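Read through the structure below, which is laid out as structure tokens, and then see the notes.
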Amino acid sequence: MPGPAGSAASPPAPADPAAPGDLGDLGDLADVASSNATLRRFLHGLPGVDAVGLEARAQVLGSRSVKTTSKRLAIDLAISMVDLTSLEGADTPGRVRSLCGKALVPDPGVRDVPRVAAVCVYPDLVGVAVEALAGSEVAVASVATAFPSGRGPLEAKLADTRLAVAAGAAEIDMVIDRGAFLAGDYRRVFEEIVAVREACGGAHLKVILENGELVTYDNVRRASWLAMLAGADFVKTSTGKVAVNATPANTLVMLQAVRDFFRLSGRRVGVKAAGGIRTAKDAIRYLVLVNETLGEEWLTPRRFRLGASSLLNDLLMQRHKLATGAYGGPDYVTVD
Amino acid sequence: MLLEYAAAPESRAIVDIAPSYGLFIGGQWRPAAAGAAFKTVNPASEEVLSEVAQGGPADVDAAVAAARAALPAWSGLPGAERAKYLFRLARLLQEHARELAVLESLDNGKPIRESRDVDLPLAAAHFFYYAGWADKLAYAGFGPSPRPVGVAGQIIPWNFPLLMLAWKIAPALACGNTVVLKPAETTPLTALRFAEICQEAGLPAGVVNIVTGDGSTGAALVAHAGVDKVAFTGSTQVGREIARQLAGTGRRLTLELGGKGANIVFEDAALDQAVEGVVNGIFFNQGHVCCAGSRLLVQESVADELLAALRERMATLRVGDPLDKNTDIGAINSAAQLARIEELAGAGEAEGAQRWAPECELPGRGYWFAPTVFTNVSGSHRIAREEIFGPVLSVLTFRTPQEAVVKANNTPYGLSAGIWTEKGSRMLWMAQRLRAGVIWSNTFNKFDPTSPFGGYQESGFGREGGRHGLEPYLDV
């Protein structure tokens, strides 16, 4: 076990998108997406998910005990996985610069806080973020493809993506076409992801499934596979803009899909849980899910992210409490 | 390790174990007439927890007499009055839940997560459930005014000490019987604490009597002519002796005995949850479960995939300190049981089955057995036929639903079975053909006081739980 994290967690390595075009060795699955019929047959042939059993398992894992030293390590790990996010209609250059300031110096009084993984903004504000974060290791991520609904023409989605990448986004969070998915037009969803991936160039692609609109866990598993087959670097739970976002159970389904996909293809796909994760306790619960489903190899910002805005401050407050024994409260962390 | 779990032991300070315990007879504590006593140990550390009186024939006689004396007043109470006592007991179990859970884990070796989340809530639920029946017996379908049987002699096992006590005592009292209960030799402490709770609840003296001891104490209770009804949960071997002894006496008997439950996984099952269910089916409570899914029947077409996932999952099971909240598998209850598990596992290897267990560090002291799975098992192997009552899974394969039914039913037992399929019609088709008292689908080891539980063939007869659970305690 590593020593207490007073020495600061080692700086997380930068994201490692697979080389473009490298989709792992899919073997028999190489042409599974050759038509909607084959794709449909494959996705519907995946093992089903029993909702009761899944939720029970997620709940048991939620009761693992992470305290004191292990909590300190877990909090630093969680901070290093945060995609600090602001996705509001009211976002302004000033707001984004302030967010970037927070990303660079999460806790002004404390120097050993690990940096967050990325700042996530809308495409038109990517340039502002890139400028504000210049010279740092914090990546700029941008949502794209008519986020959050995904209801736009393909040309617009691709242009959205290209502009964000051109402005300097290193990571693109795209949304899938849930309408097409629910209509059974899997091939269309697949092709769109492939096209966006091409438009990303060297940028890292996270594919948002929007679990809250897919509703069933079977759908979440199918959509995860669909995205991975199409070349996603990450699968992401949700936009944060609908009623149900990341839950331990729907994230667990995605982690299991990633595990199965890795077994088959040898390719390691990341997972991002986003929306509704507000407390350090919640965040640690997700780390436990990752740990017991995918293992240590995924306990890195390269393979697991937490998309959140208010989470960071709770992590900092808990960190402060562990370090000093006193809970400072919200007045002792910066609100940006 | 990047993410190490912190040890989270439940504090022992909450329990107050006396250095010695007597017998609880007629509302009084008294030593055994012969003065004998035995020790009960913590199986996780081999530490002696307390010394407990060894009841003999004279003590059993006194307990039965006390129960007999209490019977007229207790059975004469209006049902609603008896219900008040049962509700009170249920609430007291809840109030003392934390303490009882720790005590159970100390004496039995089961993980605190299970005693806290399963044993205690279910034990309280049983009292609540049968409290509700106490004033509604006339509507239970056993005649307009069903009468109690009388004095019940109840013998319970060590795998779920307090829960089995609840299964036995709650329906008996609700129906107006009085009881003499003998807890298992290795796990008497929660029953003794329950006796104190009966005092706290103001339960009339003699309604519940607790006589601790070994098999000879149980035999004396069974043999006592003043016992109108015997209820036994335990091994098939002892159950058979009891049945022989009671035959022709007119005294009533229910038996809940061993099992060799089949957990049947079809190719269309939700595999991740099936793996969880298989793990829960055999490793829950260290496999010390009469209805454990100790035979895994998996469809050949998904066998490799399922077994790979199962091994991977087993490697994450945490074996160790039962009082640690992170522990998945605790200690084996006794040296004798450990020896039996080791003997049968050895036989499995000798007969040619392939043994596998994840690497796991077992504590140096106490009784431990790593979660183990046997593949290449054939129906004739001992590990496929005999109840191991430990964390040992035997895997067999099948090709068609018909074959699954034949193999699942090919056992002298018939207590439980599990069916894993996403296809409702197949699940129902299977359930109609499996000879087992309890059939779970897409889950395993789920218990509820409203649901009857019991077996076929050598797994015993009579039902506990639900409306059916009233019948053995009513003179019908």
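Okay, here's what the table says:
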| item | result |
| --- | --- |
| Value in Å of the Kirkwood radius, where chain A supplies the Cα pairs that are averaged | 20.0 Å |
| Sequence ranges B:265-275, A:226-236, ranked by mean other-Cβ count within 10 angstrom, highest first | A:226-236, B:265-275 |
| Peptides ranked, highest mean first, by Cβ atoms within 10 Å: ranges B:352-361, B:463-472 | B:463-472, B:352-361 |
| Per-residue mean of C-beta atoms belonging to partner chains within 10 Å, peptide A:46-59 | 6 |
| Considering only the protein assembly as shown, percent of DSSP beta bridges that pair antiparallel, nearest 5 | 20 percent |
| Rg ratio (alpha-carbon, reference 2.2 N^0.38 Å) - the protein assembly as shown | 1.08 |
| Antiparallel DSSP beta bridges within region B:262-441, percent to nearest 5 | 10 percent |
| Test item: A:287-293 mean partner chain Cβ contacts at 10 Å | 3 |
| Extension gain, residue B:99 back to residue B:378 (0.36 nm per residue minus Cα-Cα distance, nm) | 96.0 nm |
| Averaged over B:6-15, number of beta-carbon atoms from partner chains that fall within 10 Å | 2 |
| Chain A, dipole about Cα centre (Lys/Arg Cβ +1, Asp/Glu Cβ -1), debye to the nearest 20 | 740 debye |
| Sparse-neighbourhood loop sites, trypsin sites (Lys or Arg not before Pro) in region B:40-101 - DSSP loop, at most 10 other Cβ within 10 angstrom | none |
| Cα centroid separation - region A:56-94 against region B:1-29, whole Å | 36 Å |
| Principal-axis tilt of helix B:189-200 within chain B, Cα atoms, nearest 10 degrees | 40 degrees |
| Mean-position separation - Cα centroids, region A:120-164 and region B:385-435, in angstrom | 54 Å |
| Value at 222 nm in deg cm²/dmol, rounded to 500, when DSSP H runs of n ≥ 4 in the protein assembly as shown each add -39,500 (n - 2.57) | -12500 deg cm²/dmol |
| Given charges at Cβ of Lys, Arg, Asp, Glu: region B:138-286 dipole, positive-most of B:274, B:155, B:262 | B:155 |
| Modelled FRET efficiency - R0 25 Å, residue A:30 with residue A:278, Cβ distances, 0.05 increments | 0.05 |
| Region B:262-441 - charge dipole about Cα centre, Lys and Arg +1 at Cβ, Asp and Glu -1, debye rounded to 20 | 580 debye |
| Mean Cβ neighbour count within 10 Å, used as a protection proxy, ranking A:33-39, B:160-166 highest first | B:160-166, A:33-39 |
| Calculated log₁₀ intensity ratio I(q)/I(0) where the Debye formula runs over C-alpha points of region A:152-251, q = 0.13, 0.14, 0.20, 0.21 Å⁻¹ | -0.41, -0.48, -0.97, -1.06 |
| Total charge dipole magnitude, the protein assembly as shown, about the Cα centre, Cβ charges on Lys, Arg, Asp, Glu only, Debye to nearest 20 | 1360 debye |
| J(HN,Hα) series, region A:115-123, from Karplus relation 6.51 cos²θ - 1.76 cosθ + 1.60, nearest Hz, glycine and proline x | 7, 6, 6, 7, 10, 10, 9, 6, x |
| Alpha carbon centroid spacing (whole Å) that separates region B:225-252 from region B:316-382 | 32 Å |
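Throughout, read-outs are computed from the coordinates displayed, never taken from laboratory work. Fair warning: this is a prediction, and the values are worked out from it, not measured in the lab. Don't worry about glycine lacking a Cβ; one is built from the backbone with ideal geometry, like all the others, and counts go over all protein chains shown.
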